[in-house]
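Notes to accompany the following structure.
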């Protein structure tokens, strides 16, 4: 198949990592894969190109709603059998594209994946864009049951076009990952104190400020990784920051940081299916996560992660340190069985069989 993926940004984040694994596995299975990125953040272009993805990067979106994108997309879409958009912005533009050009050319299959739904809370007007997308897309893929329910309850979105396909991550059979000592030294960390790692965009919804307040009084080191999505909030988080808590910004060495850490932590107030948690679990790190549906879903059959709330964090942290062997074994087995990138890709390819 000739597959064209479209995304707004190609920075360093969960969406980009899932898309990278999907595109790489699609190429491994013999498909032709291209990617169009049309906004300013393009830090992972080279990573995709090295994996064999043809990346179209000359298209540049103007501020606001830019209808000129439709004409710019046309030569790329004309050559594709499958056009797969990722998150609302490209999904909205492809919906407009289909409205404009559908009667003039052969029909392509319009597949859309929703990786996150924070925009519904942050900008309620985006419900209108979601409604248009729900009408125009041939298939809507969601990474969590909550997202699936949103679309199935949405007026004018056909129930049957919505499918749940959970995120996947690469599986490595190794059981032990040595700590990168040089990285420990470079970051100025103490080898005698435990290291917690949290990877997320820095916005109030991800709870970095709450995490900082907890760790101010703990004898553990905390590494906060991820881009700023709210500079005012980032500045507030960095105010009077103690030396054992460090903001690292965007990083490309995520696996090294996971290996460096003693456990993974998240205080996110909302998640679909968090790829960073899967990445940590796949590298045998115990995970201590805020008690929300996006995290508790990992415990449906066995205890794979520990959940905490604002009242019991320290006791749960101690429990994590005492039961890490069982937790990591259970979580790795779950990821291998249900959340591998190969299984994810096979499900996505199957979803492309939808009739237009």
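Coordinate-derived values only; no laboratory data. Please read all numbers here as calculations on a predicted model, not as lab measurements. Methodologically, a virtual Cβ is constructed for each residue, glycine included, from the backbone with ideal geometry; neighbour enumeration extends over all protein chains shown.
For this structure, a couple of remarks:
- Sequence of 93, 177 once ranked by neighbouring C-beta atoms within 10 Å, starting from the fewest: 177, 93
- Computed E for residue 218/residue 176 - FRET, C-beta separation, R0 35 angstrom, nearest 0.05: 0.85
- Backbone N under 13 Å from the residue 342 label point (7 Å along Cα→Cβ), restricted to the range 1-28: 25-26, 28
- Alpha-carbon centroids, the range 37-64 and the range 214-255: separation in whole Å: 28 Å
- Angle in degrees between helix 341-351 and the longest Cα principal axis of the chain, rounded to the nearest 10: 20 degrees
- Compared with the direct C-alpha span, the chain from residue 40 to residue 135 gains 31.3 nm at full extension, assuming 0.36 nm per residue.
- Order of 301, 84, 267 - criterion: other Cβ atoms within 10 Å of each residue's Cβ, fewest first: 301, 267, 84
- Between residue 187 and residue 350, the FRET efficiency estimated from the beta carbon spacing at R0 = 56 angstrom works out to 0.85.
- Pairwise FRET efficiency - residue 232 versus residue 79, Cβ, R0 = 56 Å, nearest 0.05: 0.85
- Label point at residue 333 placed 7 Å out along Cα→Cβ; residues across the range 253-293 whose backbone nitrogen lies under 20 Å: 278-288
- Binned Cα-Cα distances of the range 181-338, short to long, each 5 Å bin given as a whole percent: 2, 9, 20, 23, 22, 15, 7, 2, 0
- For the chain, averaging the sequence separation of C-alpha pairs within contact (under 8 Å, six or more residues apart) and dividing by the residue count gives a relative contact order of 16 percent.
- With 20 Å bins beginning at zero, the pair-distance distribution over Cα atoms of the chain amounts to 29, 57, 14, 0 %.
- The C-alpha atoms of the chain define a longest principal axis, and helix 88-101 lies at about 0 degrees to it.
- Stretched out straight at 0.36 nm per residue, the stretch from residue 302 to residue 315 would grow longer than its current Cα-Cα span by 2.7 nm.
- Net length gained if the chain between residue 164 and residue 241 were fully extended (0.36 nm per residue, minus Cα distance): 23.7 nm
- The range 181-338, relative contact order in percent, only Cα pairs under 8 angstrom and at least six apart counted: 20 percent
- Springs join every pair of Cα atoms under 10 Å in this Gaussian network model of the chain, and among 29, 152, 311 the largest mean-square fluctuation is at 311.
- Fewest-first ordering of 350, 206 by other beta carbons within 10 Å of each residue's beta carbon gives 350, 206.
- Cα-based helix-to-principal-axis angle, 68-78 vs the chain, degrees rounded to 10: 80 degrees
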